[in-house]
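A short write-up of the structure that comes next.
Nothing in this text is a laboratory measurement; each read-out follows from the coordinates by a stated rule. This one's a predicted model, so the numbers in the text were calculated from it and none came from an experiment. Here the Cβ is made from the backbone with ideal geometry for all residues, glycine too, and neighbour counts use every protein chain on show.
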Amino acid sequence: MNRFISGWLSISILNLLFVAALGLILRYKIAYSLPFLDQKHLLHSHSHFAFSGWITQTLMILMIFYLGTTLGKEINKQYSWLLLANLISSYGMMITFIIQGYGLYSISFSTLNIFALYAFAIYFWQDLNRIKTKSTSILWFRAALIFGVISSFGAFNLAYMMVNKMSNQDWYLSSIYFFLHFQYNGWFLFACLGLLSDRLEIITGEQKKLYRVFQLFCFACIPVYFLSILWMKFISNIYILLIVAVIAQLVAWVILMKICVKFRTEISPKITHYGKILLILSGLAFTIKLILQTGSIHPELSHISYGFRPIIIGYLHLVLLGVTSIFLLGYSVSLKLIPINNRFITGIFIFVAGVIINELLLMIQGVGALSYTGIPYINELLLVAAIILFSGILIMLISCFKYRLQD
């Protein structure tokens, strides 16, 4: 086991625990009362740290592992300072957003975090140039880095508007969705598919088909953003392009799934049993995400979905927990990058159960919101789901640190 990678992944799970703890406090504050903490400040802290401290940090670690498999393990430690920079700036955001919301210190740490991503993008891009064997995974990673940088433009614009107290609702919402889209449909998705494509290309040799999958997703990424802002007047002029982009993603996903099914007997021995289960669950969640996205092409359905907070929260949790977080855990478990024992596996599946319960409850709440029907005890039930999520992560973390103490 690579001690450098497993050590940093253990810190990532600690960060996931902090994300879950903030989510738990948010749920408690909604169900009961916690007057000394500001709800919006907590929400900003929770969301920013989830993106930077958990997902971005873990993607960086796994992408560094990828470099190590091709350029040698000695390259790992060259990225220590970048991982540390991202980590420190993420902790800074988590703390300062709780204290002041959007202010001098939180924006400063957010800016430092973005610069850490920029630096990682530059160094990683340069190291990709050193890889002699050109594979599709390199294209995925390059696109992921580009979209990660692009997403920061939305964050900068949002911070500028908040500092200057600008109240243009269209610009405010479009900036939020710009950042979110190019994070989870760009940086997160392309990095994850880069990791997956690398494994599939090695096992199956289906380079041409995997390249086609990349082309279709890459073409669709920018146009699909406009699904988030269908209320803007100019969208009618590019509506056909949106439909083509959504279809392109569906076709790409079908091609990728066909490769996985065709070579399932070759793939299965190369990954652990529990890793395979987690990757399948992540794939199912992504399929649901694509179906929901396809439905949002219809303007009326889009207005309904983006007009009700429970639906937006449910969709974001589906992508960030159901798709991305379960994939990151599944990939790490599949390649045994993290210490695995019965306690750790128990923690993972308690966490997965929490994700599923949380999504079902948010779906019920969303359906109720559409008909303006209140669901009895829904906030208390969502609090229970948050406790389950937190408990599962805590068990995983205890397992990781016990292993390191014994090692």
| Scan of region 336-395 for residues that are surrounded by 19 or more Cβ atoms within 10 Å (Cβ to Cβ), aliphatic (A, V, I, L, M) and not in a helix (DSSP H, G or I), ordered by number | Leu337, Ile338, Ile340
| Hey, among the residues in region 248-303 that are among the polar types (S, T, N, Q) and over 23 Å from Ile338 (Cα atoms), which one's surrounded by the fewest Cβ atoms within 10 Å (Cβ to Cβ)? | Thr265
| query | In region 116-156, what residues are over 27 Å from Lys209 (Cα atoms) and of a type in the set (S, T, N, Q)? | reply | Ser151, Ser152
| task | Please find, within region 154-203, the residue that is nearest to Val319 (Cα to Cα) out of those that are touching a Leu at 6+ places or on another chain (Cβ under 8 Å) and hydroxyl-bearing (Ser, Thr, Tyr). | result | Tyr184
